[in-house]
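The values are calculated or read from the model by the stated rules, or taken from the named source; none is laboratory data. Because the structure is predicted, anything quoted here is derived from the model rather than measured. Counting neighbours? That spans all protein chains shown, and the Cβs are built from the backbone with ideal geometry, glycine included.
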Amino acid sequence: MQPPPRTIEDDISIRLLVPGADGVLLDATLCYDTSDPYAVKATFRAGEASVSWMLGRELLHQGLVDATGDGDVHVWPDLDADGEPAVLVRLSSPDGQAVVSMEADMLQGFLARTVAAVPFGQEGQYLDIDGCLAQLLSGRRA
């Protein structure tokens, strides 16, 4: 039997890094749902427009202390313009690349709450494999 789903969500400010400038402040939401225990959904907003990326929870956690990532997402620790600990995330798509910076303390606090809900190594206990298979076989989308 699966534990009931739980959602952890934080609204944060991030900085879209722009070469030769201070960057652009954006609003973002980090969302973790225990029914998808390996992922964090990051939604970035600028005015009426928004874009969402699914990021690996473990990738974000490792990126607090070391450069990590393959493919479309890379994460590494750095310092922001004020010399405060930050985490940089580079997102790549066929349309281009973006690098965003977020406060390391904020990310660490968010991730600590996700780990309290679903400890690393126990994610499999939160997956509804039968439900996922039934959804895939029926052709429905979440």
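Filtering the range 79-106 to residues that are surrounded by 14 or more Cβ atoms within 10 Å (Cβ to Cβ), without any contact (Cβ under 8 Å) to a residue 60 or more places away in the chain and aliphatic (A, V, I, L, M) leaves 86, 87, 89, 91, 104. Restricting the search to the range 36-54, which residues are out of contact with any Phe, Trp or Tyr (no Cβ under 7 Å at 6 or more places or on another chain) and surrounded by 11 or more Cβ atoms within 10 Å (Cβ to Cβ)? 36, 38, 39, 41, 43, 44, 45, 46, 52, 53, 54 - these are the residues of the range 36-54 that are out of contact with any Phe, Trp or Tyr (no Cβ under 7 Å at 6 or more places or on another chain) and surrounded by 11 or more Cβ atoms within 10 Å (Cβ to Cβ). The residue that is nearest to the chain's Cα centre (by Cα), counting only those in the range 77-110 that are hydrophobic (A, V, I, L, M, F, W, C), closer than 19 Å to residue 10 by Cα and assigned to a strand (DSSP E or B), is 89.
Within the range 15-52, the residues that satisfy the criterion of being among the β-branched types (Val, Ile, Thr) and at pLDDT 95 or above are 29, 40, 43. Just give me the residues in the range 68-95 being of a type in the set (A, V, I, L, M, F, W, C) and within 19 Å of residue 58 (Cβ to Cβ), in sequence order. Of everything in the range 68-95, those that are of a type in the set (A, V, I, L, M, F, W, C) and within 19 Å of residue 58 (Cβ to Cβ) turn out to be 73, 75, 76, 87, 88, 89, 91. Taking residues in the range 51-68 that are farther than 22 Å from residue 26 by Cβ, and partners anywhere that are among the charged types (D, E, K, R) and part of a strand (DSSP E or B), not one pair has Cβ atoms closer than 8 Å while being at least 6 places apart or on different chains.
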